[in-house]
């Protein structure tokens, strides 16, 4: 990627980060899959090695998170909050949205978080298999 294009992309990402930080909901395409890989590819400037490392780390963390997504686990709210941020970072907006709902609605929304985590993990695994 040319330096000017890379600089443009960095500015776009910084603007998006400011919007997310300020609480502006970033539109997500409901017809899209559980993970917006185009977002991740753009964020990483298409660097396949970085994408692979980020997704592998996310998958490892997802296994640990899944264990804590039970109402009986006193840390479930912290885990949901962590998943929300990590999900936004990789483009798993449906999962992040499910986490945001669980933060507001409480433990009754945990089944939706578990389902969204499962869907995101499956799509990530399929994406990694194609790469």
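The listed residues are 52, 91, 85, and the only one of them that is surrounded by fewer than 19 Cβ atoms within 10 Å (Cβ to Cβ) and under 11 Å from the mean Cα position of the chain (by Cα) turns out to be 85. Applying a threshold of 9 Å to beta carbon distances and a minimum spacing of six or more residues, or different chains, the list of pairs starting in the stretch 117-131 at a residue that is within 20 Å of residue 69 (Cα to Cα) and ending at one that is loosely packed, with under 12 Cβ neighbours inside 10 Å reads 121/63. When the residues of the stretch 62-75 are filtered to those that are in a helix (DSSP H, G or I) and surrounded by 14 or more Cβ atoms within 10 Å (Cβ to Cβ), the one that is farthest from the chain's Cα centre (by Cα) is 68.
Is it true that some residue in the stretch 93-107 is farther than 26 Å from residue 40 by Cα and in contact (Cβ under 8 Å) with a residue 12 or more places away in the chain? For the stretch 93-107, residues farther than 26 Å from residue 40 by Cα and in contact (Cβ under 8 Å) with a residue 12 or more places away in the chain: present.
Each value in this text was obtained by applying a stated rule to the coordinates, not by laboratory testing. All values reported here derive from a predicted model rather than from experimental measurement. Glycine gets a Cβ as well: all are built from the backbone with ideal geometry, and neighbour counts include every protein chain shown.
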